[in-house]
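The values are calculated or read from the model by the stated rules, or taken from the named source; none is laboratory data. Please read all numbers here as calculations on a predicted model, not as lab measurements. A quick note on method: Cβ atoms are made from the backbone with ideal geometry, for glycine too, and the neighbour counts reach across all protein chains shown.
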Ligand code: 3PG
């Protein structure tokens with residue numbers, strides 16, 4: 001599929017104010033508020049540097065987590081991390097589009113970089129609606145008049161149709177940043193060349209995205225096997241009748257994911273044999289890893305897949321010609337529970353298949369393990385890349401294409 005959209009190269013940015021939507025949503029330690037991984041910030045550095053070097057005043061828009069989550073926080077620390085990565089000051093203001101933010105933008109000089117507050121502090125931001133609706137939001141109406149261009153580099157959020165992602169494309173000349181360009185070119189080329197067997201490894205905690213994709217790729221027959229890990233696996237185990245015990249059921253219930261258990265039941269029935277589940281799990285007892293067969297899971301938190309599961313999954317990964325993986329296999333940040341994530345990543349890196357991995361956490365783990373040479377493409381996006389690979393239209397890409405065609 002050939003893609004056409006404007007990029008940074010198409011605009012003269014000298015002395016202009018450029019709104020740049022980045023995705024620097026990062027793992028944050030809820031207790032200390034420290035940023036645990038800066039992979040996404042490093043990726044966006046090229047776009048930000050190029051825009052700033054063109055003599056622009058760069059205004060960064062970004063989100064961190066979602067309302068209600070324990071890492072839903074301000075972007076103050078992100079500005080410090082970005083300043084260090086860019087070796088250039090990135091100022092921060094605890095405002096998004098109010099008069100303080102707008103005044104600060106007007107005072108900016110050529111080459112200045114400003115990071116606005118977490119856009120998801122603003123309630124309209126989290127509603128996914130058509131771009132024609134998002135253009136009417138307060139954020140888009142207030143910020144458009146103080147800017148000249150909009151550059152969207154937030155590939156990892158390209159599956160969201162939120163004001164800061166799709167609204168400005170209708171009010172300002174708009175193009176893609178370098179991360180967006182690179183991701184779209186690599187991923188569309190992967191979609192055009194899928195070889196079978198094709199295996200999806202779906203884990204992490206974003207169960208909504210995983211189930212949607214699973215249903216999609218199974219229905220259009222583009223996946224041979226789905227290997228479930230992480231919270232996704234626990235939901236499928238429960239749906240298949242395995243007693244995952246009170247603690248793990250409550251964890252799922254507390255997140256409001258019970259409907260996904262019902263959905264999982266239906267998918268297991270419809271696509272018999274295609275959805276693989278762990279045969280053993282690692283639970284956390286007295287802060288230590290203990291492995292159990294799924295028939296004997298104790299009432300303790302399941303934090304990883306077990307060794308027999310890893311062996312079984314690794315074989316399917318080795319035999320696959322195309323592998324897409326999204327989300328970690330367990331609570332890999334916790335000592336003793338990174339084995340599933342590490343071994344799955346090692347299996348992917350040593351397979352001869354075309355491999356794409358996505359999701360902030362999994363990409364960060366692969367980068368830390370220095371596996372980038374064995375993996376065809378490490379995407380900065382989890383939900384975004386997996387939606388794209390499953391043939392879904394990404395609102396951000398649609399709007400980028402639309403505004404390019406209109407010119
Ligand atoms: C991600 O981490 O996948 C992106 O930042 C999008 O985040 P979201 O799933 O909370 O919209």
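Condition first: within 27 Å of residue 406 (Cβ to Cβ) and away from the ligand (no atom under 13 Å from the Cβ). Can you find one or more residues in region 65-74 that meet it? No: zero hits. Residues in region 339-360: is at least one more than 16 Å from the ligand (Cβ to nearest atom), on the phi > 0 side of the Ramachandran plot and not assigned by TED's automatic domain parsing to the domain that holds residue 201? No - not one qualifying residue is present in region 339-360. When residue 241 is tested against (1) assigned to a helix (DSSP H, G or I); (2) in the same structural domain as residue 328 (by TED's automatic domain parsing), just one condition goes unmet, and that condition is (1). Annotation note: of 210, 189, 222, the sole residue that is within 22 Å of residue 348 (Cβ to Cβ) and without any contact (Cβ under 8 Å) to a residue 12 or more places away in the chain is 189. When region 361-389 is filtered for residues that are touching a strand residue (DSSP E or B) at 6+ places or on another chain (Cβ under 9 Å), in contact (Cβ under 8 Å) with a residue 60 or more places away in the chain and away from the ligand (no atom under 12 Å from the Cβ), the ones remaining, listed by number, are 367, 376, 377, 389. For region 111-191, the strands (runs of 3 or more DSSP E) that sit wholly inside it and include 1 or more residues that are at pLDDT 95 or above and within 16 Å of the ligand (Cβ to nearest atom) are 113-115, 149-152. Condition (residue is in contact with a strand residue (DSSP E or B) (Cβ under 9 Å, 6 or more places away or on another chain) and surrounded by fewer than 17 Cβ atoms within 10 Å (Cβ to Cβ)) applied to region 280-291: is it met by at least one residue? Looking for residues that are in contact with a strand residue (DSSP E or B) (Cβ under 9 Å, 6 or more places away or on another chain) and surrounded by fewer than 17 Cβ atoms within 10 Å (Cβ to Cβ), one finds at least one in region 280-291, hence yes. Within region 323-331, does at least one residue satisfy the condition of being out of contact with any strand residue (DSSP E or B) (no Cβ under 8 Å at 6 or more places or on another chain), within 16 Å of the ligand (Cβ to nearest atom), in a loop (DSSP other than H, G, I, E, B) and in the same structural domain as residue 286 (by TED's automatic domain parsing)? So far as region 323-331 goes, yes, one or more of its residues are out of contact with any strand residue (DSSP E or B) (no Cβ under 8 Å at 6 or more places or on another chain), within 16 Å of the ligand (Cβ to nearest atom), in a loop (DSSP other than H, G, I, E, B) and in the same structural domain as residue 286 (by TED's automatic domain parsing).
Matching residues to (1) on the phi < 0 side of the Ramachandran plot; (2) out of contact with any strand residue (DSSP E or B) (no Cβ under 6 Å at 6 or more places or on another chain); (3) crowded, with 21+ Cβ neighbours inside 10 Å:
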site: 171; (1), (2), (3): yes, yes, no
site: 176; (1), (2), (3): yes, no, yes
site: 179; (1), (2), (3): yes, yes, yes
site: 183; (1), (2), (3): yes, yes, yes
site: 192; (1), (2), (3): yes, yes, no
site: 195; (1), (2), (3): yes, no, no
site: 200; (1), (2), (3): yes, no, yes
site: 215; (1), (2), (3): yes, yes, no
